[in-house]
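Remarks on the structure that follows.
Taken together, the values in this text are just the output of simple stated rules run on the coordinates, not laboratory data. In this text, all values refer to a predicted model and were calculated from it rather than measured experimentally. Heads up, the Cβs are rebuilt from the backbone with ideal geometry, glycines too, and the neighbour counts pull from every protein chain shown.
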Amino acid sequence: MLTLALDPGLGYVALDRNKIEQVVSAVLSNAIDASPAGSTIRIASARHPGPNGSSTASVQVQDAGRGIPRERLGTVFTLFATTKKSGTGLGLALAQKIVTAHDGTITISSHEGEGTVVEIGLPSHSVAGVGA
Ligand SMILES: Nc1ncnc2c1ncn2[C@@H]1O[C@H](COP(=O)(O)OP(=O)(O)OP(=O)(O)O)[C@@H](O)[C@H]1O
Ligand SMILES: [Mg+2]
């Protein structure tokens, strides 16, 4: 099951729509791969105010899947690092490249056997066009 908790007041984010869709879809497909049947994946967005009128629009994808062992957490963004039979290990490496090119951040926190949260943060503005 998928639950959505979307903040309607994210502000304006200058982004390449296709590329950010690729990021969200890579993260979501990992969550689906890791989740047992019937478990819930939660997508939440929120705006975090920063200094001088700046803010960060964040999207969190949280699953209650198998999680990532602590010793592997440091390699998930490495190109071609995969634990899947038919995985390419491209998903998160490319996601990180895209997010970084948007001056954003992507972080992953996970506990083996409990689940994983991936958070994507992008700079946002209260006025259309600022920073675009
Ligand atoms: N939500 C998650 N839960 C558990 N493990 C994850 C999760 N997201 C990523 N991983 C681990 O990180 C590895 C790298 O993920 P990445 O998306 O880069 O490649 P992949 O999913 O293996 O291959 P592809 O994206 O081509 O299908 C995965 O193989 C998996 O071990
Ligand atoms: Mg993947």
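Go through the stretch 42-70 residue by residue and tally those that are in contact with a His (Cβ under 9 Å, 6 or more places away or on another chain) and among the basic types (Lys, Arg). Before you say what the answer is, go through the steps one by one.
Here is the first cut: in the stretch 42-70, the ones in contact with a His (Cβ under 9 Å, 6 or more places away or on another chain) are 53-58, 67-68, 70.
Checking the rest, the ones that are also among the basic types (Lys, Arg) come to 70.
Of the residues in that region, 1 qualify.
Out of all the residues in the stretch 63-113, which are on the phi > 0 side of the Ramachandran plot and more than 8 Å from ligand 1 (Cβ to nearest atom)?
We begin by selecting, within the stretch 63-113, every residue on the phi > 0 side of the Ramachandran plot; these are 67, 80, 89, 103, 113.
Selection gives 80, 103, 113.
If I filter the stretch 17-37 down to residues being within 11 Å of ligand 1 (Cβ to nearest atom) and aliphatic (A, V, I, L, M), which single residue comes out as farthest from residue 110 (Cα to Cα)?
The residue in question is 23.
So in the stretch 71-95, with the set limited to residues that are outside any loop (DSSP other than H, G, I, E, B) and more than 9 Å from ligand 2 (Cβ to nearest atom), which one is farthest from residue 24 (Cα to Cα)?
Narrowing the stretch 71-95 to residues outside any loop (DSSP other than H, G, I, E, B): 71-75, 91-95.
Going one step further and asking which of them are more than 9 Å from ligand 2 (Cβ to nearest atom), we end up with 71-75, 93-94.
Details: 71: 25, 72: 21, 73: 19, 74: 20, 75: 19, 93: 13, 94: 11 Å.
Checking each candidate, the answer is 71.
Is it the case that the stretch 96-106 has a residue that's part of a strand (DSSP E or B) and of a type outside the set (Gly, Ala, Ser)? Let's see the steps before the verdict.
Filtering the stretch 96-106 for residues part of a strand (DSSP E or B) gives 105-106.
Narrowing the set further to residues that are of a type outside the set (Gly, Ala, Ser) leaves 105-106.
For the stretch 96-106, residues part of a strand (DSSP E or B) and of a type outside the set (Gly, Ala, Ser): present.
Would a scan of the stretch 16-31 turn up a residue that is closer than 23 Å to residue 113 by Cα, away from ligand 2 (no atom under 14 Å from the Cβ), over 14 Å from the mean Cα position of the chain (by Cα) and of a type outside the set (D, E, K, R)?
no
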